[in-house]
1. Among (1) under 20 Å from L292 (Cβ atoms); (2) hydrophobic (A, V, I, L, M, F, W, C); (3) not in a helix (DSSP H, G or I), which single condition is L155 missing?
2. Testing W270 on (1) surrounded by fewer than 17 Cβ atoms within 10 Å (Cβ to Cβ); (2) more than 21 Å from E169 (Cβ to Cβ), one condition comes back false. Which one is that?
3. Any idea how many residues of segment 212-249 are under 19 Å from N63 (Cβ atoms) and within 15 Å of the chain's Cα centre (by Cα)?
4. Quick check: is even one residue across segment 192-215 surrounded by 18 or more Cβ atoms within 10 Å (Cβ to Cβ), in contact with a strand residue (DSSP E or B) (Cβ under 9 Å, 6 or more places away or on another chain), part of a helix (DSSP H, G or I) and at pLDDT below 90?
5. Restricting attention to segment 96-123, and to residues there that are among the charged types (D, E, K, R) and part of a strand (DSSP E or B), which single residue is farthest from D143 (Cα to Cα)?
6. Could you tell me whether segment 248-256 includes any residue that is of a type in the set (K, R), in contact (Cβ under 8 Å) with a residue 12 or more places away in the chain and touching a helix residue (DSSP H, G or I) at 6+ places or on another chain (Cβ under 8 Å)?
7. Restricted to segment 240-267, and to residues that are modelled with pLDDT under 95 and over 30 Å from D143 (Cα atoms), which residue is surrounded by the most Cβ atoms within 10 Å (Cβ to Cβ)?
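The values are calculated or read from the model by the stated rules, or taken from the named source; none is laboratory data. Computed from a prediction, not measured in an experiment: that's the story for all the values here. Glycine also receives a Cβ, built like all others from the backbone with ideal geometry; neighbour counts cover every protein chain displayed.
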Amino acid sequence: MLERKDESARCERMDRKKNCRHSNPIALVEGMPTFKGKPVKIISIALLAGFLTVASAPAEEENRYNLLGRMLHPFALVFAKETKDTKVTNRAFSFSAKLEMMTDLPPALAGANMDIALEYPDKVKIHAPLLGDDITLCRNGQDVWAYPGAKVDLLLKESKLWKKQVSKEDKGPLGPFELPIPEKEIVLVPVVFKVKDVGTETLDDAACRVLDLYLMPELAHSLKAEKWASRAWVKEDATPARISFVKPGWQISVRFQHVEFAPKLPPETWQPTAEQAGDILKLDPAHFRQILGGIVK
């Protein structure tokens, strides 16, 4: 872990007042160190290294990891690798949120609502401003569709995504949503982050602790995410109130309104509604990947 005397550290010495740079997520990138290290081949190495680091940290820092762990744990369990001893109950979640900010988001869509539903191992449905317009993108196994089809088709053809050369890897089948670690090791997920407690802020009358998150250097290098960072506003019950992600040239901020976990979601979740059925665009794996990749430029 790297220790830096930056504004986040100074915020800690101000008894977590609201004087920190909470409202400027790009500051995470500007003040973030560049990590360099040998790529890791097994995520367990990063987990072990992070565990040893946290085990030797002072109690205050452990509290930050505990809070992050309570927030991440129900989400991470959805993606836990199945084993013969797997006893995970909830394998799906859905949430509604407000898109507060995203790079290249048209002004008319600022503050737009977004809904995401996901079920392990291969189902996801996103209703959000994508490709500069309000669309629905759904994956059910290898079956992928988008609505409104005519508009999505036009947006793709007008964008650089459609013209981009597709690699053989992108043409291959879509893989499962799965963390490469078993359920019993999910508890260690928070320790792959470097966590800084940068203060408190009230959102919708709820007091939140604000945490800056950076991947461990080895893992960040392995994932080619050295310049990524996140900021999480966490309520007292450990549910997320707001999360922002940033990297140079791109950022997004999402305000959570509703989060729910379940063993499964209704089968009709992954099917077009009667209203949507007449205007569906079927997508191959390559274009599904390109749309998702186009969101995070």
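1. Status for L155: all satisfied but (3).
2. Single failed check for W270: (1).
3. Summing the residues that are under 19 Å from N63 (Cβ atoms) and within 15 Å of the chain's Cα centre (by Cα) in segment 212-249 gives 11.
4. yes
5. Among them, the one singled out is E100.
6. No, segment 248-256 contains no residue that is of a type in the set (K, R), in contact (Cβ under 8 Å) with a residue 12 or more places away in the chain and touching a helix residue (DSSP H, G or I) at 6+ places or on another chain (Cβ under 8 Å).
7. So the residue we want is K247.
Results for (1) at pLDDT below 90; (2) of a type outside the set (V, I, T); (3) under 25 Å from K157 (Cα atoms), shown as yes or no for each residue.
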{"position": "T269", "(1), (2), (3)": "no, no, no"}
{"position": "A274", "(1), (2), (3)": "no, yes, no"}
{"position": "A286", "(1), (2), (3)": "yes, yes, yes"}
{"position": "G293", "(1), (2), (3)": "yes, yes, yes"}
